[in-house]
Amino acid sequence: MSFDTPNGTRGARQPRAGRMMRWFNQRTMNRLGSKGGKFMGMDALVLTTTGSKSGVERSSPVAWFAGQDGSWLIVASAGGAPRNPAWYYNIAAHPDRVQIEMAGRKVAVTAEQLHGAERDEAWRQITAAAPRFAGYARKTDRELPVIRLVAQSS
């Protein structure tokens, strides 16, 4: 499926990647990568993508939800900002060069954006488990992309 969600025209302020934010994210990713756990009260993982322009690996902590058949669902919410997060474009450029890490386990995954009824079903599951995502959706005029991550077979 295509990664084709355009940016919106309104939404929450996207956090700046300043020194404190980078320090906090790095600390969070170190903990999630080694021990797993929660971030802001939700199950979280470390998402590693390949830069769409630079080709450099980038990592971000992201909330995840259980998908069908052992997959992971993530949302490119950016807290309800008008723009998609940078990792969304990295995944769009390289959907087969994505890795997740949690509790000391690294898994190579392939990413696909959900659309239509499949997205709607996943969205209901996500907002039931974490109502804050419905709040993020209300802040912006873009549809928040739902991405399914499936383990690559070795």
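Looking at the stretch 1-28, which of its residues are in a loop (DSSP other than H, G, I, E, B), modelled with pLDDT under 75 and farther than 16 Å from residue 83 by Cβ? Correct list: 1, 18.
Among the residues of the stretch 59-82, those that are surrounded by fewer than 21 Cβ atoms within 10 Å (Cβ to Cβ), farther than 17 Å from residue 136 by Cα and modelled with pLDDT of 90 or more comprise 66, 67, 70, 71. The set of residues from the stretch 81-95 being under 13 Å from the mean Cα position of the chain (by Cα) and assigned to a helix (DSSP H, G or I) comprises 86, 87, 88, 89, 90, 91, 92. The residue that is farthest from the chain's Cα centre (by Cα), counting only those in the stretch 36-58 that are at pLDDT below 85 and either among the charged types (D, E, K, R) or in a strand (DSSP E or B) (or both), is 38.
Residue pairs whose Cβ atoms lie under 7 Å apart, sitting 6 or more positions apart in sequence or on different chains, and linking a residue in the stretch 71-89 that is acidic (Asp, Glu) to a partner that is surrounded by 22 or more Cβ atoms within 10 Å (Cβ to Cβ), do not occur here. Within the stretch 43-58, being surrounded by fewer than 16 Cβ atoms within 10 Å (Cβ to Cβ) and closer than 16 Å to residue 107 by Cβ holds for one residue alone: 57. Residue 85 passes every criterion in (1) within 12 Å of residue 145 (Cα to Cα); (2) loosely packed, with under 12 Cβ neighbours inside 10 Å; (3) modelled with pLDDT under 95 apart from (2).
Residue by residue through the stretch 96-154, note down the ones that are assigned to a strand (DSSP E or B) and of a type in the set (A, V, I, L, M, F, W, C). Let's see the steps before the verdict.
Kept after step one, since they are assigned to a strand (DSSP E or B), are these residues of the stretch 96-154: 98-102, 105-113, 146-151.
The answer is 98, 100, 102, 107, 108, 109, 111, 146, 147, 149, 150, 151.
Restricting attention to the stretch 109-154, the residues that are in contact with a Lys or Arg (Cβ under 8 Å, 6 or more places away or on another chain), surrounded by fewer than 18 Cβ atoms within 10 Å (Cβ to Cβ) and within 19 Å of residue 43 (Cβ to Cβ) add up to 0.
The values are calculated or read from the model by the stated rules, or taken from the named source; none is laboratory data. On a predicted model such as this, the values are computed, not experimentally measured, just so you know. Don't worry about glycine lacking a Cβ; one is built from the backbone with ideal geometry, like all the others, and counts go over all protein chains shown.
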